[in-house]
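One structure below.
The values are calculated or read from the model by the stated rules, or taken from the named source; none is laboratory data. Please read all numbers here as calculations on a predicted model, not as lab measurements. Heads up, the Cβs are rebuilt from the backbone with ideal geometry, glycines too, and the neighbour counts pull from every protein chain shown. The accessibility values were calculated without ligands, DNA or RNA, using every heavy atom of the protein model including side chains. Shrake-Rupley method; radii C 1.70, N 1.55, O 1.52, S 1.80 Å.
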Amino acid sequence: RQRIMPFLHARVQAIGGVEYVLFNLSDAAHGDAYLAPHSVLTAITPAATPNNDRDLFMELAQGFQAAGIKVVAYVATQGPAMLKHGAEKAFDYDGSGSQAMTNWSNYVAGVYGDTTLDTYKQAFAEVIVDEYAQRYGALIDGWWFDHASYGNMPLLHDTVTAYNTNIVIAFNDGQKVPLINNNPDYEDYTAGHPTPQTQAPASDPANLPMLTSIEATPDGFFDDAGRKSLGHMFMPMQEN
């Protein structure tokens with residue numbers, strides 16, 4: 001992996017015209033594992049993060065920033081509680097449950113006093129995201145929060161902007177086709193998530209209204225009473 005990082009940075013830079021990259025801080029759409037160590041998660045569930053002496057996300061971000069390419073962090077907002085997918089999608093699901101989810105639940109109960117849905121959302125922002133946002137600071141130019149209805153959007157917004165006032169944020173929540181400004185008080189750009197590829201390929205006409213809705217704006221922004229969200233589409237380049 002030490003050799004792969006410079007190769008990856010160079011390959012992306014060689015494409016030409018790439019102004020930003022969006023890559024995972026969490027393990028894809030799952031919120032129970034991460035690309036970097038974390039003081040809480042690594043302690044309660046070591047398998048949920050890389051070894052403490054290797055921060056893969058940091059290495060990626062530093063390399064891209066050095067190459068003049070901005071970094072957007074993808075994060076699965078359901079967090080270690082797996083609020084969207086449940087235990088069956090947990091990385092350590094054993095047929096009956098997930099020890100990692102139990103470890104997180106016990107931690108949250110011990111710190112916050114309960115494990116309600118709102119408490120899980122609060123803990124995700126204050127424990128998971130806060131530590132990463134503080135660590136990376138200006139290395140991250142933007143955040144892309146997936147399935148954002150499973151998080152506390154105001155708190156997530158305040159958490160990441162506390163460490164980088166120039167940060168831009170997207171929340172994958174609300175209408176996508178056509179695109180609109182779904183969260184005018186919190187989003188800076190639209191999530192622009194395509195129709196899931198299990199239903200249609202990226203090139204399917206089902207996704208076209210996202211493009212035409214951006215083209216129909218005067219300047220690329222969706223304006224809601226002076227609160228602007230930049231039209232943005234998150235389109236895959238592969239078929240699965």
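Numerical summary
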read-out	value
Some residue of the range 109-123 being open to solvent by 40 Å² or more (accessible area, probe 1.4 Å), hydroxyl-bearing (Ser, Thr, Tyr), outside any loop (DSSP other than H, G, I, E, B) and over 30 Å from residue 164 (Cα atoms)	no
Enumeration of residues in the range 207-234 that are among the hydrophobic types (A, V, I, L, M, F, W, C) and either closer than 14 Å to residue 189 by Cβ or in a helix (DSSP H, G or I) (or both)	208, 210, 211, 214, 221, 222, 230, 233, 234
Unmet requirement for residue 215, which otherwise passes all of (1) open to solvent by less than 70 Å² (accessible area, probe 1.4 Å); (2) of a type in the set (D, E, K, R); (3) farther than 29 Å from residue 67 by Cα	(1)
Residue match in the range 223-230 (condition: under 29 Å from residue 63 (Cβ atoms), touching a Gly at 6+ places or on another chain (Cβ under 8 Å), among the hydrophobic types (A, V, I, L, M, F, W, C) and touching a residue at least 24 places away in the same chain (Cβ under 8 Å))	yes
Residues satisfying the stated conditions in the range 165-186, i.e. under 15 Å from residue 74 (Cβ atoms), part of a loop (DSSP other than H, G, I, E, B) and open to solvent by less than 30 Å² (accessible area, probe 1.4 Å)	167, 172
In the range 132-146, the residues that are of a type outside the set (Gly, Ala, Ser), assigned to a helix (DSSP H, G or I) and either open to solvent by less than 40 Å² (accessible area, probe 1.4 Å) or touching a strand residue (DSSP E or B) at 6+ places or on another chain (Cβ under 7 Å) (or both)	132, 136, 139
Considering residues of the range 86-108 that are in contact with a strand residue (DSSP E or B) (Cβ under 8 Å, 6 or more places away or on another chain) and part of a helix (DSSP H, G or I) only, the residue most open to solvent (accessible area, probe 1.4 Å)	89
Any pair with Cβ under 6 angstrom, 6 or more apart, that starts in the range 65-81 at a residue that is touching a residue at least 24 places away in the same chain (Cβ under 8 Å) and among the polar types (S, T, N, Q) and ends at one that is crowded, with 20+ Cβ neighbours inside 10 Å and assigned to a helix (DSSP H, G or I)	77/148; 77/150; 78/150
Every pair of residues 6+ apart whose Cβ atoms lie under 6 Å, when the first sits in the range 117-138 and is of a type in the set (S, T, N, Q) while the second is part of a helix (DSSP H, G or I)	119/112
Test result for residue 83, outside any strand (DSSP E or B) and over 22 Å from residue 155 (Cβ atoms)	no
